[in-house]
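Here is the structure we will look at, set down as structure tokens.
The values are calculated or read from the model by the stated rules, or taken from the named source; none is laboratory data. No experiment lies behind these values; they were computed from the predicted model shown. So basically every Cβ, Gly included, is an ideal-geometry build from the backbone, and we count neighbours across all protein chains shown. SASA here: full protein model, heavy atoms, side chains in, ligands and nucleic acids out. Shrake-Rupley method; radii C 1.70, N 1.55, O 1.52, S 1.80 Å.
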Amino acid sequence: MAENVKEQILGFLVSRFPDVRIQETEDIFQLGFVNSLFAMELVMFIEKTFGVTIPNEELRLDNFRTVKSMAELVDRRTAQPETAEV
């Protein structure tokens, strides 16, 4: 699933920045592509596309710096077992 996740995230970034080739390990914040509005778009894209909820404690820059780190975040969130009601 990770490769598909990376491809979809890269596709989203390319749709916003069509003239730029972003590698999965490049820091998109350092490259200057991310402002606060785009960061929220990115969070919303990930939640909607992959059907995950990103809790406040996961809203750290390090989870969104690279395509690789975002894919790892999605993998962690999709691997989380649902809390069962007792």
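Quick notes on this structure:
- Virtual spin-label span in nm between Glu47 and Phe29, 7 Å along Cα→Cβ: 1.9
- Calculated [θ] (222 nm, deg cm²/dmol) that DSSP helices of n ≥ 4 give over the chain, each run adding -39,500 (n - 2.57): -16000 deg cm²/dmol
- Mean shadow area of the chain over all directions, Cα convex hull, nm²: 5.9
- For the chain, the Cβ-based charge dipole about the Cα centre amounts to some 200 debye (Lys, Arg positive; Asp, Glu negative; other atoms uncharged).
- Counting only whole DSSP H helices of the chain, the ones at least 15 Å long by C-alpha along their axis and with mean Kyte-Doolittle hydropathy no lower than 0.5 are 36-50.
- Residue order for Ser69, Ser36 - accessible surface, 1.4 angstrom probe, largest first: Ser36, Ser69
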